[in-house]
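Step one of this worksheet: look at the structure below.
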Amino acid sequence: MPAGSCSSDVGAMEINANRADFPILQREINGHPLTYLDNAATTQKPRSVIQAITRFYEQHNANVHRAVHTLSEEATALYEDARAKVARFIGAPSARCIVFTRGTTEAINLVAQSWARAHLTAGNEIVLSEMEHHSNIVPWQMVARETGAAIRYARVTPRGLLDRKHFSSLLNKNTRLVALTHTSNVLGTVNPLRDMISEAHDLGAVVLVDGAQGVPRAPVDVAALDCEFLAFSGHKMLAPTGIGVLYAKEHILASMEPVQGGGGMITRVEEAGAEWMEPPWRFEAGTPNIAGAAALATAVDYLTAIGMAEVQAWEASLTEYALAALDQAPGITVFGPRDSLIQSGVIAFNADGVHPHDAAQILDEVGVAVRGGHHCCQLLMRRLGVPAVLRASFSVYNDQGDVERLIGGLERVARVFR
Ligand code: PMP
């Protein structure tokens, strides 16, 4: 085991992610070592990713695609190599399927404003689920209002699973689009997407997968899933903020109109109009986040060196360990599947009688960073019957010690409030 790597007694698991690679983990918060368990919101960055940003600005900074000078060629190569690396990471057949965006939210809005606006009319239906993040609800509500399409929501069961029977009952010949999360950002529930996607395809619907939580936590292969679209964010997978990805099947991207016009996306402009470049560049008007893309490629290298199957197994072992510990802790209610086979790295819970914001504040006093709130999932909160929950979420650098400090912090919450 490499020095400083994380290990756990649970199932004799270990992972080749060195905590020392993440400078921020050296920080103390309120006199305590940082226990960072807010990874579903954003992950910390390894030194290699931070250095990739610095290296870009110190060595290669120039605009892409527009000049033949050396720096511009280097910047263009970094940007396009990052696109190819991201394509390989998710099993996409070509870099031409990868559009760089600001994040998951922008990727979903691009599909809503381009594909959905052109394809949906009154009488059509969009199927979502109650566990979707607002980013995978509001863009569809906006396009539904414009087109007259209706939205149906697949229910979530009391165990926190997507109700498969209810989902199937919503699909019909009017269903044009199904948009589902790979992994719930609140409950950690991993949806059985392969079957659900093929069921949607049987009725001729197009499927978008929100991979914001799934892509950082498990191997995701778009060829195997066969989804039309996959959206995800760099900042939840060790990369910087402001860079994200829309994957789309190539023939679908080729049929889509851009939603932003400007430099870098046209082949010709005349007084009366313009001609678009081929995808993906057609969808990347203006100067893109070049340093962000280069740093995303470095984050992909970091995760690939660990192995996404290993990341998934590590988070499963931590989830199992944390669920067992939370079960022993008095006055804690855990939501969600409570099963590491269908739950990935995210746990929602509450300390009975304590508002999640108050609990999160007391945990912060001992350096434990968790989030309390609705987590941009108000439909799910309604289904769970609570206004807010606490959420602990893992990444590659977390270990059993982090779980133990969380449990210690919860004991402190109980002491303060009882
Ligand atoms: N979907 C899910 C499941 C998420 O967890 C998040 C981020 N919390 C988003 C979408 C939105 O991602 P971003 O803010 O990076 O666009």
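Has segment 195-210 got any residue that is acidic (D, E), free of Cβ contacts under 8 Å to residues at least 40 places away in the same chain and surrounded by 22 or more Cβ atoms within 10 Å (Cβ to Cβ)? I'd like the intermediate steps shown before the answer.
First pass over segment 195-210, keeping only residues acidic (D, E): 195, 199, 202, 210.
Within this subset, residues satisfying the condition of being free of Cβ contacts under 8 Å to residues at least 40 places away in the same chain are 195, 199, 202.
Remaining after also requiring surrounded by 22 or more Cβ atoms within 10 Å (Cβ to Cβ): none.
Looking for residues that are acidic (D, E), free of Cβ contacts under 8 Å to residues at least 40 places away in the same chain and surrounded by 22 or more Cβ atoms within 10 Å (Cβ to Cβ), one finds none in segment 195-210, hence no.
Would you say V64 is surrounded by fewer than 17 Cβ atoms within 10 Å (Cβ to Cβ) and more than 16 Å from the ligand (Cβ to nearest atom)?
Working: surrounded by fewer than 17 Cβ atoms within 10 Å (Cβ to Cβ): no; more than 16 Å from the ligand (Cβ to nearest atom): yes.
Answer is no for this residue.
Just to be sure, is V334 over 28 Å from A20 (Cα atoms) and either in contact with a His (Cβ under 9 Å, 6 or more places away or on another chain) or outside any loop (DSSP other than H, G, I, E, B) (or both)?
Values: over 28 Å from A20 (Cα atoms): yes; either in contact with a His (Cβ under 9 Å, 6 or more places away or on another chain) or outside any loop (DSSP other than H, G, I, E, B) (or both): yes.
Spelling it out, V334 is indeed over 28 Å from A20 (Cα atoms) and either in contact with a His (Cβ under 9 Å, 6 or more places away or on another chain) or outside any loop (DSSP other than H, G, I, E, B) (or both).
Could you list, in sequence order, all residues of segment 91-128 that are part of a helix (DSSP H, G or I), within 16 Å of the ligand (Cβ to nearest atom) and open to solvent by less than 20 Å² (accessible area, probe 1.4 Å)?
Step one: filter segment 91-128 for residues part of a helix (DSSP H, G or I), giving 95-97, 104-119.
Adding the requirement that they be within 16 Å of the ligand (Cβ to nearest atom) leaves 104-113.
Those that are part of a helix (DSSP H, G or I), within 16 Å of the ligand (Cβ to nearest atom) and open to solvent by less than 20 Å² (accessible area, probe 1.4 Å): T104, A107, I108, L110, V111, A112.
When you scan segment 131-160, how many residues do you find that are of a type outside the set (F, W, Y), closer than 22 Å to A231 by Cβ and crowded, with 21+ Cβ neighbours inside 10 Å? Show your work before the answer.
Restricting attention to segment 131-160, the residues satisfying the condition of being of a type outside the set (F, W, Y) are 131-139, 141-152, 154-160.
Within this subset, residues satisfying the condition of being closer than 22 Å to A231 by Cβ are 131-139, 141-147, 149, 151-152, 154, 156.
From what's left, crowded, with 21+ Cβ neighbours inside 10 Å: 131-133, 135-137, 139, 143, 149, 154, 156.
Residues flagged as of a type outside the set (F, W, Y), closer than 22 Å to A231 by Cβ and crowded, with 21+ Cβ neighbours inside 10 Å within segment 131-160 amount to 11.
Can you confirm whether A144 is of a type in the set (G, A, S) and over 17 Å from the mean Cα position of the chain (by Cα)? Steps first, please.
Numbers: of a type in the set (G, A, S): yes; over 17 Å from the mean Cα position of the chain (by Cα): yes.
Yes, satisfied.
Across segment 361-383, what is the total count of residues that are surrounded by 24 or more Cβ atoms within 10 Å (Cβ to Cβ), within 16 Å of the ligand (Cβ to nearest atom) and assigned to a helix (DSSP H, G or I)?
1
With (1) more than 10 Å from the ligand (Cβ to nearest atom); (2) open to solvent by less than 20 Å² (accessible area, probe 1.4 Å) as the list, and D221 as the residue in question, which single condition is left unmet?
Going through (1) more than 10 Å from the ligand (Cβ to nearest atom); (2) open to solvent by less than 20 Å² (accessible area, probe 1.4 Å) one by one, D221 breaks only (2).
Please go through (1) open to solvent by less than 60 Å² (accessible area, probe 1.4 Å); (2) in a helix (DSSP H, G or I); (3) of a type in the set (A, V, I, L, M, F, W, C) for F349 and return the number of the only condition it doesn't satisfy.
Of everything listed in (1) open to solvent by less than 60 Å² (accessible area, probe 1.4 Å); (2) in a helix (DSSP H, G or I); (3) of a type in the set (A, V, I, L, M, F, W, C), F349 misses just condition (2).
Can you tell me which residues in segment 318-334 are open to solvent by less than 40 Å² (accessible area, probe 1.4 Å), within 17 Å of S393 (Cβ to Cβ) and over 20 Å from the mean Cα position of the chain (by Cα)? Break it down stepwise before answering.
First, pick out the residues of segment 318-334 that are open to solvent by less than 40 Å² (accessible area, probe 1.4 Å): 318-319, 322-323, 325-326, 329, 331-332, 334.
Still in the list and also within 17 Å of S393 (Cβ to Cβ): 318-319, 322-323, 325-326, 332, 334.
Residues satisfying the conditions are A322, L323, A325, L326, I332, V334.
The values are calculated or read from the model by the stated rules, or taken from the named source; none is laboratory data. Nothing here was measured: the structure is a model prediction, and the numbers come from that model. Neighbour counts are summed over all protein chains in view; Cβ atoms, including those assigned to glycine, are modelled from backbone coordinates with ideal geometry. Heads up: the accessible areas ignore ligands, DNA and RNA and are worked out on the full protein's heavy atoms, side chains in. Shrake-Rupley method; radii C 1.70, N 1.55, O 1.52, S 1.80 Å.
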